[in-house]
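Rule-based calculations on the coordinates, nothing more; no lab input. It should be emphasised that the depicted structure is a prediction, and the values quoted were computed from it without experimental measurement. Using ideal geometry, Cβ is built from the backbone for each residue, glycine included, and neighbour counts are taken over all protein chains shown.
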């Protein structure tokens, strides 16, 4: 499901749409494996167009989801993702 042209965090650009696998859920969002060495975070506010009380209501570990890259901070190894509008 991963893109072959996205292997490292440096290959990611804001606006890219990718498929990923939900790896972990927390109260504040979902960590999603998008094929690079660092999971991206889809914050609870970015999981749905409508209000989300808990990430557990929207996704489960192991789900395959379509996400868009919001921002990449290579220095801090942080990837921000959204599921809105994809």
Spin-label point model (7 Å from Cα, Cβ direction): what's the residue 26 to residue 86 distance in nm? 1.9 nm
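On a full-extension model of 0.36 nm per residue, what is the gain between residue 57 and residue 75, subtracting their alpha-carbon distance, rounded to one decimal in nm?
On the way: separation 18, 0.36 × 18 = 6.48 nm, distance 3.21 nm.
Gain on stretching residue 57 to residue 75: 3.3 nm.
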Among (i) 79; (ii) 156; (iii) 134, which is the computed volume of the Cα convex hull per residue in Å³? (i)
Tell me, what is the percent relative contact order of the range 9-82, built from C-alpha pairs under 8 Å that lie six or more residues apart? 38 percent
